[in-house]
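All of the numbers you see were taken from the coordinates with simple rules; none came from a lab. Values in this document were obtained by computation on a predicted structure and should not be read as measured data. Backbone-built Cβ (ideal geometry, glycine too); neighbour counts: all protein chains shown.
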């Protein structure tokens, strides 16, 4: 009995730590330069709509995100792009995918994209290819805010923080870094 009372709390803590680690999605780390070279499209725009739906046999929930493209740096995107992501909420049913991106209407983003199907795209590197754009309130200069993949475990990531990009970097500098000075339609 003494064994149980002494070691039970320790066992509970160890199990909780183990369970917490199993909720993280593991994804292979992609540097900004890798995202730039591996992506077929690199665009800046605003999230126009977010719509979740069931697949045909109601076994999975997907979310479509429409982004109105303001500028294309790589690829031929014009007008808008449709992204598809696993997970979402439909009919009070929530399907969660750890490491999946969160989206807000009117959010300005820089996206690294790869083709999915039927003209839709996935964000490159699972959740690594989405960066928020913030603008200087006085000048309007766009800055890329460092990505945060805190809900995913990056395999092969450099030692240290999960943030690879400085807290803020000008959009032009970031695009030059990602595309090796080959920014598309700027």
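The calculated FRET efficiency for residue 117 paired with residue 92, based on their beta-carbon distance and R0 = 45 Å, is about 0.95.
Using a cutoff of 8 angstrom between alpha carbon atoms and counting only pairs six or more residues apart, the relative contact order for the stretch 25-179 works out to 26 percent.
Is any residue of the stretch 38-64 close enough, with backbone N under 20 Å, to a label point placed 7 angstrom from the Cα of residue 76 along the Cα-Cβ axis, and if so, which? Hits in the stretch 38-64 for residue 76 at 20 Å: 38-44.
The reciprocal of the average 1/r between distinct C-alpha atoms defines the Kirkwood hydrodynamic radius, which for the stretch 25-179 equals 16.1 Å.
Backbone N atoms of the stretch 40-66 closer than 17 Å to the 7 Å Cα→Cβ label point of residue 135 belong to residues 44-48. Shown for 168, 130: other C-beta atoms within 10 Å of each C-beta, ranked fewest to most, produce the order 168, 130.
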